[in-house]
Amino acid sequence: LVPPMAFIPAAERYGMMPLLDRWVIQPAFSQYATRHAPGAAGTCSINLSGKSICDDGLLAFVLGQFERHNVPPEGICFEITETAAIANLNQAATLIRNLKAIGCRFSLDDFGSGMSSFAYLKHLRVDYLKIDGGFVKDMIDDPIDHAMVASINHIGPVMGVQTIAEFVESDAIIAALREIGVVF
């Protein structure tokens, strides 16, 4: 077995990520109906790489998968890392706009890890902010990390975006997140 952090950098380096992302999307859509009863609410989150965001054929592929597998668009949440979205801002904004128009949701993953997170957030109409786990895991002991989590959480409701925390690993972190109103 090869762990993801060993093969994903190689797949990115050799331009294989759009193919890999499609390899994930197709079975996820195919299995959606078997994992969610008709009419039952359920969300399948699918990570997209930066290279896939720039893939001109991705939108048509995804739309074809919706049609082929009869998956409700509101049952799919695509996750894009903040750094990939910033690096491909126009393509990311276009993809998000087109897929949200049919009902898909988007999560901006690892939010807070980029250099100008808040500036770019205005251009990406996502549904969720996933606060970078690097801030969350140390927020009990580090007042700066606590302030970062709180400030990210504060901007969410102003923009109509729900915040989610990564690396929630203890009851103390759960309590601190609840205190500032983060959904995890």
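The values are calculated or read from the model by the stated rules, or taken from the named source; none is laboratory data. For clarity, every value in this text was computed on a predicted model and none was experimentally measured. Cβ coordinates were reconstructed from backbone atoms using ideal geometry, including for glycine residues, and neighbour counts include every protein chain displayed. SASA here: full protein model, heavy atoms, side chains in, ligands and nucleic acids out. Shrake-Rupley method; radii C 1.70, N 1.55, O 1.52, S 1.80 Å.
Among the residues of the range 23-44, those identified as part of a helix (DSSP H, G or I) and either surrounded by fewer than 18 Cβ atoms within 10 Å (Cβ to Cβ) or not hydroxyl-bearing (S, T, Y) (or both) are W23, V24, I25, Q26, P27, A28, F29, S30, Q31, A33, T34, R35. Here the condition is being closer than 26 Å to L121 by Cβ, touching a strand residue (DSSP E or B) at 6+ places or on another chain (Cβ under 9 Å) and open to solvent by 40 Å² or more (accessible area, probe 1.4 Å); of E79, E74, E12, it holds for E74 alone. Screening the candidates N98, N90, N47 for the property of being modelled with pLDDT under 90 and open to solvent by 20 Å² or more (accessible area, probe 1.4 Å) yields one hit, N90.
Within the bounds of the range 139-151, is there any residue that is β-branched (V, I, T), under 17 Å from C77 (Cα atoms) and either open to solvent by less than 20 Å² (accessible area, probe 1.4 Å) or out of contact with any Phe, Trp or Tyr (no Cβ under 8 Å at 6 or more places or on another chain) (or both)? Scanning the range 139-151 turns up no residue that is β-branched (V, I, T), under 17 Å from C77 (Cα atoms) and either open to solvent by less than 20 Å² (accessible area, probe 1.4 Å) or out of contact with any Phe, Trp or Tyr (no Cβ under 8 Å at 6 or more places or on another chain) (or both). Only a single criterion out of (1) free of Cβ contacts under 8 Å to residues at least 60 places away in the same chain; (2) open to solvent by 10 Å² or more (accessible area, probe 1.4 Å) is not satisfied by V136, namely (2).
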